[in-house]
Amino acid sequence: MALLMAGAGFAVGGSAVDRFAVAFDVIAFSMCLMALLKLLQDMERFSTMFRNYDLLARSFVIYAHVYPFAELLAGRIGGCGPAP
């Protein structure tokens, strides 16, 4: 991941603001990719696994089911950039 961000930042050249924007886009893309990988699994299996290491999911089971969708939404919003 760090090599991808460094390579994209080097390819852009430009100012630090451009490199920050590229890094933010790479992070948003990776969030979407990870969310899609979670959604490709069986949802019950994922939620059981997720509850093993997430404290909030242990208390609220619905959070384990909503998390991949929320992560996909956050990555998509992050990839769109700020609203005008």
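Numbers below:
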| quantity | calculated |
| --- | --- |
| Count of residues meeting criterion [crowded, with 17+ Cβ neighbours inside 10 Å and under 18 Å from the mean Cα position of the chain (by Cα)] in region 39-52 | 3 |
| Filter result for Leu73 (free of Cβ contacts under 8 Å to residues at least 24 places away in the same chain and under 9 Å from the mean Cα position of the chain (by Cα)) | yes |
| Candidates Leu36, Leu55 - the one that is surrounded by fewer than 13 Cβ atoms within 10 Å (Cβ to Cβ), at pLDDT 80 or above and not basic (Lys, Arg) | Leu55 |
| Residue in region 3-20 that is in contact with a helix residue (DSSP H, G or I) (Cβ under 9 Å, 6 or more places away or on another chain) and at pLDDT 85 or above present | no |
| All helices (runs of 4 or more DSSP H) inside region 15-69 with 1 or more residues being within 19 Å of Gly79 (Cα to Cα) | 16-40 |
| Residues satisfying the stated conditions in region 34-51, i.e. within 16 Å of Phe69 (Cβ to Cβ) and either in contact (Cβ under 8 Å) with a residue 12 or more places away in the chain or touching a strand residue (DSSP E or B) at 6+ places or on another chain (Cβ under 6 Å) (or both) | Met34, Ala35, Leu36, Lys38, Leu39, Met43, Phe46, Ser47, Phe50 |
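The values are calculated or read from the model by the stated rules, or taken from the named source; none is laboratory data. These numbers were taken from a predicted model, which means no experiment stands behind them. Backbone-built Cβ (ideal geometry, glycine too); neighbour counts: all protein chains shown.
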